[in-house]
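The values are calculated or read from the model by the stated rules, or taken from the named source; none is laboratory data. Quick caveat, the model's predicted, so the values are computed rather than measured. Backbone-built Cβ (ideal geometry, glycine too); neighbour counts: all protein chains shown.
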Amino acid sequence: MDLLDRLRLEHPVVQAGMGGGIARAELAAAVSNAGGLGTLGIMPPAELGREIGRCRELAPGRPLAVNLLVPFLRRAHVRACVEGRVDVVVLFFGHAPWAVSALRDAGIMVLHQVGEADEARRVLAEGADGLIAQGIEAGGHLRAVRPLREALPRLLDVARERPVLAAGGVATAEDVRAVVDAGAAAAVAGTRFLLTEECHAHPAYQRRVLGAETTVDTELFGFGWPARHRVVPNRATERWDGARAVLAVNNRTGWLGGVVPLGALRTMTVAQRPGLPLFGPGAALRGMPERVVDATPLYAGQGARDIRTIVPAATAVRELAGLR
Ligand SMILES: Cc1cc2nc3c(=O)[nH]c(=O)nc-3n(C[C@H](O)[C@H](O)[C@H](O)COP(=O)(O)O)c2cc1C
């Protein structure tokens, strides 16, 4: 059975899980109600359990995915997904075979987002049901090392009959059609859904991303999670991107993600200043002071340049599906 049938999707359109409070129940439910696959981003486990419940109320009978970032993964996240009987879990950025087994034993489909063939072979050997191929055009954290049009065929080769979805720079119906024609089971879009009404990103963050011509691949916002990510430039990147001392500090903090509660990240996010180079991965959310957009990661992909309007998520699904 193909992916669309198994998940009861009307369109080959998946909203990427955007963590730290960006993609909550309103967004995931709106996408799933419109015939795509909505995804909750990672958040503290108790909150995740509540958001799964809210999603089920807002989108009864529709499929639901949850994204779990391995550096921040706790057993309680897996329990919340199993108890909430979510349809799909997407893992990213690391390996957690124990979680793959527990989720699959509960009948949950496990997809793993990867950039390269070696990583793909490993996650499939660990039991993943399918892959998300990430191209370097993608917004947010990056495992990708090559453009999507090069990554996708390589990963399709590795996956053989297992489904491969495609992420990175998918912003228009033409982009969706291109990846599906190239063999992807569906397209995954992050930046397009960042720029929707149901998204919980700060409106000033959304405005900076709309139509942005430039993005940078940086490690600046790596305090607690030293890793590459794509962002729209702001005062923090203009002043500190590439500063060796900042990277050296970040590189000593990778262990924090496994011990510090995810909720504490939000406290750090609000405390950040462009002049003080301690930059964690938390993004500016609705309700935070507007000044934080110059001191936090404005995660966005290269597709931002093709997106001119903030629309309801259902409109984004329909547009990506080529319906209007
Ligand atoms: C604002 C934002 C936040 C993201 N957060 C996550 C995340 O928490 N987990 C994850 O697996 N990927 C995350 N991503 C990356 C997406 O999974 C995906 O690779 C990317 O959005 C695809 O490229 P696009 O943004 O050009 O559509 C994020 C992307 C964006 C734009």
- Go through (1) of a type outside the set (S, T, N, Q); (2) in the same structural domain as ILE136 (by TED's automatic domain parsing); (3) more than 22 Å from GLY287 (Cβ to Cβ) and name the single condition GLY190 misses. (3)
- Item | Unique match (being touching a residue at least 60 places away in the same chain (Cβ under 8 Å) and either of a type in the set (Ser, Thr, Tyr) or within 13 Å of the ligand (Cβ to nearest atom) (or both)) among GLY140, GLY211 | GLY140
- Message: Against the definition (touching an Asp or Glu at 6+ places or on another chain (Cβ under 9 Å), modelled with pLDDT of 95 or more and over 17 Å from VAL90 (Cα atoms)), how does ALA28 come out, yes or no?
- Response: no
- Query: Which one is surrounded by the fewest Cβ atoms within 10 Å (Cβ to Cβ) among residues in the range 277-294 that are within 16 Å of the ligand (Cβ to nearest atom) and in a loop (DSSP other than H, G, I, E, B)?
  - Reply: ARG286
- Message: Among the residues of the range 97-107, are any hydrophobic (A, V, I, L, M, F, W, C) and in contact with a Leu (Cβ under 6 Å, 6 or more places away or on another chain)?
- Response: no
- Task: State which residue is nearest to LEU298 (Cα to Cα) when the search covers only the range 21-31 and only residues that are in a helix (DSSP H, G or I) and of a type in the set (A, V, I, L, M, F, W, C).
- Result: LEU27
- Those residues of the range 177-206 which are away from the ligand (no atom under 11 Å from the Cβ) and touching a residue at least 40 places away in the same chain (Cβ under 8 Å), in sequence order: ARG177, VAL180, ALA184, ALA185, ALA186, THR196, GLU197, GLU198, HIS202, PRO203, ALA204
- Message: Just to check your reading of the model, which residue among GLY224, GLY254 is surrounded by fewer than 16 Cβ atoms within 10 Å (Cβ to Cβ) and over 26 Å from GLY169 (Cα atoms)?
- Response: GLY254
- Is it the case that some residue within the range 36-47 is in the same structural domain as VAL88 (by TED's automatic domain parsing), closer than 17 Å to ALA76 by Cβ and either of a type in the set (S, T, N, Q) or in contact with a Phe, Trp or Tyr (Cβ under 9 Å, 6 or more places away or on another chain) (or both)? yes
- Query: Under the condition of being touching a helix residue (DSSP H, G or I) at 6+ places or on another chain (Cβ under 7 Å) and under 22 Å from ALA314 (Cα atoms), which residue from the range 66-87 is nearest to the ligand (Cβ to nearest atom)?
  - Reply: VAL66
- Query: Of the residues ARG79, ARG85, which single one is outside any helix (DSSP H, G or I) and either modelled with pLDDT under 95 or surrounded by fewer than 24 Cβ atoms within 10 Å (Cβ to Cβ) (or both)?
  - Reply: ARG85
- Which one is modelled with the highest pLDDT, of the residues in the range 257-269 that are within 25 Å of ARG239 (Cα to Cα) and buried (at least 16 other Cβ atoms within 10 Å of the Cβ)? THR269
- Query: Out of (1) touching a residue at least 60 places away in the same chain (Cβ under 8 Å); (2) within 25 Å of MET288 (Cβ to Cβ), the odd one out for HIS77 is which?
  - Reply: (1)
- Note on the structure: With criteria (1) modelled with pLDDT of 95 or more; (2) away from the ligand (no atom under 16 Å from the Cβ), GLY242 comes up short on (1)
- Mind listing just one residue for me: the one in the range 32-65 that is in a strand (DSSP E or B) and more than 22 Å from GLY280 (Cβ to Cβ) and, of those, nearest to the ligand (Cβ to nearest atom)? THR39
